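Values quoted throughout were computed directly from the atomic coordinates according to the rules given, and no laboratory measurement underlies them. Bear in mind that the values here come from a model prediction, so they are computed numbers and not experimental data. Cβ coordinates were reconstructed from backbone atoms using ideal geometry, including for glycine residues, and neighbour counts include every protein chain displayed.
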Amino acid sequence: MIMTREQFIATSGVQVQTLEFWIEQEWLIPDQTPGGPTFTEVEVARARLIQDLISDLGVNHEGVDVILHLTDQIHGLRRALREVHDSM
């Protein structure tokens, strides 16, 4: 499901200023369209992860950056492994 910025904010519960900061930090990278940024359920899940890291676990911004980078690497490696497996 593709969401507008307003729909994303309503769905995720993220404040506008927080969303802008997360986009600036590239923690969320929405697709840019002529009508504005669009978001998917993947970004909603990522936003909830960021909220949990900060609010529930007390992770600072530098820690969030590291955790998201490592999470992205894990997903990339899984994708690569799946491709190797499928090609065999």
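Rounded to the nearest 10 degrees, the inclination of helix 41-51 to the longest alpha-carbon principal axis of the chain is 70 degrees. Dipole check for the chain: with +1 at the C-beta of Lys and Arg, -1 at the C-beta of Asp and Glu, and the Cα centre as origin, the magnitude is about 240 Debye.
Rounded to the nearest 10 degrees, the angle from helix 61-87 to the longest Cα principal axis of the chain is 40 degrees. Each of GLN15 and LEU49 was given a label point 7 Å from its Cα along the Cα-to-Cβ line. The distance between the two points is 2.4 nm.
Given a cut-off of under 8 Å on Cα pairs at least six residues apart, what relative contact order in percent is computed for the range 3-87?
Working: 44 pairs, mean separation 20.8, N = 85.
Contact order relative to length: 24 percent.
Approximating the spin labels as points 7 Å out from Cα along Cα→Cβ, the LEU81-to-VAL59 distance works out to 2.0 nm. Prolate is the label for the range 1-76, because a/c, from the alpha-carbon gyration tensor with a ≥ b ≥ c as root eigenvalues, is 1.5 or above and a/b exceeds b/c.
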